[in-house]
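Trainee: My structure is below; once you've seen it, I'll send some questions.
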Amino acid sequence: MSSIGFLKIAYILAWVVYVGYLGRILLRMKKVEEEMKELERGK
Amino acid sequence: MKKLAIISVPLVLLLLVVSSYLALAVAPTEATMGDVQRIFYYHVSSGWVGMFCFFINFVASIWYLWKRSPASDALAVASAEVGVVFCAVLLILGTLWARPVWGIWWTWDARLTTTLVLWLIYVSYLVLRRFSAGGQTQVLAAAFAVFGFADVPIVYMSIRWFRTQHPSPVIGGGEGSGMAPGIAHVFLATLAIFTVLGILYIWLRYKLETAEQALESAHAQAALKGVSQ
C-alpha cells in the first residue's frame, strides 16, 4: 500500500472511532432516559 | 438527550472537519516523510488529550478518596473512558504511521511499550469498575487510578531517558528539536481543537455517568419500597 493509503486509513479510522464513540454515548443516554421514564411510570 | 445531541453532533463534526482540513490541506508537506507525516497531527493531538484525561482521572480519584463525592467518582470514570478512546487512536495511528516510515507495524521500544501499558492500565480500571461487585468498587478504582497515573510521566520521559525507535521530542527536546513554522501553527491549532473535543467528550460522558448513577439509586429506592410494602 502507498503511504497515501496509510494516511487515508488513519484519518478514516480516527473519524470512525470519534464519531462512533459519540454515537455510543448518546445511545446510552437515550436508554437511561427511557429506563428512568419507565421507572417513574411504574411508581 | 435531544438537546445534547443537537449541540454535540454538529460540534464534534465541525471540530473533526476543521482539524482534518488543517492537517490534510493547510499544513505543508514534510520534506523527509512526505504526506504520510500528516498522521502526526491526529496522532500527537490524540495522545495529548489521552494524557490530559488521565490527569483529570488522577485528580478526581484523589478528590474521591478524600471527600467520597459521587460527582468526582463520575468525573473519574468519564475521563478514564475518554482517555482510553483517545489513547487507542494514538496507538492505532502510531502503527499506521510506523509501517510506511519504519517498515514495521510495531516495536517493543520504551515509548511504544509504556504507552501500551498505560492504555492497558486504564482498560483494567474500566473493567474493574464494571465487573467488581460490592460497595468498595469506587474506592478500589480510585486507589488503582492514583497508582496507574505513575505511568504517564514515564511515557512522557521515555524518549528522553532511552534511545528509542520512536523519534526524539520535537517540543522541549533541547537543541536541534522543533518544527517548521507552517507545521507548528497547524499542530498548535489541531492541539487546541482536540482539547475542546476531549473536554466535550468528558462533559458528555460525565452527564451519562451521573444519569446512570441517578437511575441506579432510583432502582434501589424502588426495590426498597417494594420490600417494605
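The values are calculated or read from the model by the stated rules, or taken from the named source; none is laboratory data. Bear in mind that the values here come from a model prediction, so they are computed numbers and not experimental data. Positions of Cβ are backbone-derived with ideal geometry, glycine not excepted, and every protein chain shown enters the neighbour counts.
Trainee: Quick one: how many residues across the stretch A:9-39 are more than 8 Å from chain B (Cβ to nearest Cβ) and over 21 Å from the mean Cα position of the chain (by Cα)?
Mentor: Counting residues in the stretch A:9-39 that are more than 8 Å from chain B (Cβ to nearest Cβ) and over 21 Å from the mean Cα position of the chain (by Cα) gives 2.
Trainee: Let me ask something else. Within the stretch B:26-61, track down each residue that is modelled with pLDDT under 95 and small (Gly, Ala, Ser).
Mentor: Within the stretch B:26-61, B:ALA27, B:ALA31, B:GLY34 meet the criteria.
Trainee: Take the residues in the stretch B:183-213 that are among the small types (Gly, Ala, Ser) and out of contact with any helix residue (DSSP H, G or I) (no Cβ under 7 Å at 6 or more places or on another chain), then tell me which one is farthest from A:GLU38 (Cα to Cα).
Mentor: In this case the residue turns out to be B:ALA184.
Trainee: Evaluate the stretch B:126-143: report whether one residue or more is hydroxyl-bearing (Ser, Thr, Tyr), more than 13 Å from chain A (Cβ to nearest Cβ), surrounded by 15 or more Cβ atoms within 10 Å (Cβ to Cβ) and within 13 Å of the chain's Cα centre (by Cα).
Mentor: Within the stretch B:126-143 (the criterion being hydroxyl-bearing (Ser, Thr, Tyr), more than 13 Å from chain A (Cβ to nearest Cβ), surrounded by 15 or more Cβ atoms within 10 Å (Cβ to Cβ) and within 13 Å of the chain's Cα centre (by Cα)), the answer is no, since none of the residues qualifies.
Trainee: Any residue at all in the stretch B:157-164 that is farther than 17 Å from B:GLY47 by Cα, surrounded by 15 or more Cβ atoms within 10 Å (Cβ to Cβ), of a type outside the set (A, V, I, L, M) and at pLDDT below 95?
Mentor: yes
Trainee: If the Cβ limit is 8 Å and pairs must be 6+ apart or interchain, which residue in the stretch B:1-21 that is more than 10 Å from chain A (Cβ to nearest Cβ) pairs with which residue that is not polar (S, T, N, Q)?
Mentor: Once the first residue is more than 10 Å from chain A (Cβ to nearest Cβ) and sits in the stretch B:1-21, its partners that are not polar (S, T, N, Q) give B:VAL18/B:ILE193.
Trainee: May I ask you to list the residues in the stretch B:106-145 that are over 23 Å from B:ASP73 (Cα atoms) and of a type in the set (Lys, Arg)?
Mentor: Passing the criteria: only B:ARG111.
Trainee: When the stretch B:118-151 is examined, which residues are found to be among the charged types (D, E, K, R) and over 15 Å from B:GLU81 (Cβ atoms)?
Mentor: B:ASP151
Every residue, every condition in (1) assigned to a helix (DSSP H, G or I); (2) of a type in the set (A, V, I, L, M); (3) within 30 Å of B:ILE104 (Cβ to Cβ); (4) at pLDDT 95 or above, yes or no:
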{"residue": "A:ILE9", "(1), (2), (3), (4)": "yes, yes, yes, yes"}
{"residue": "A:LEU13", "(1), (2), (3), (4)": "yes, yes, yes, yes"}
{"residue": "A:VAL16", "(1), (2), (3), (4)": "yes, yes, yes, yes"}
{"residue": "A:VAL19", "(1), (2), (3), (4)": "yes, yes, yes, yes"}
{"residue": "A:ARG24", "(1), (2), (3), (4)": "yes, no, no, yes"}
{"residue": "A:LEU27", "(1), (2), (3), (4)": "yes, yes, no, yes"}
{"residue": "A:GLU33", "(1), (2), (3), (4)": "yes, no, no, no"}
{"residue": "A:MET36", "(1), (2), (3), (4)": "yes, yes, no, no"}
{"residue": "A:ARG41", "(1), (2), (3), (4)": "yes, no, no, no"}
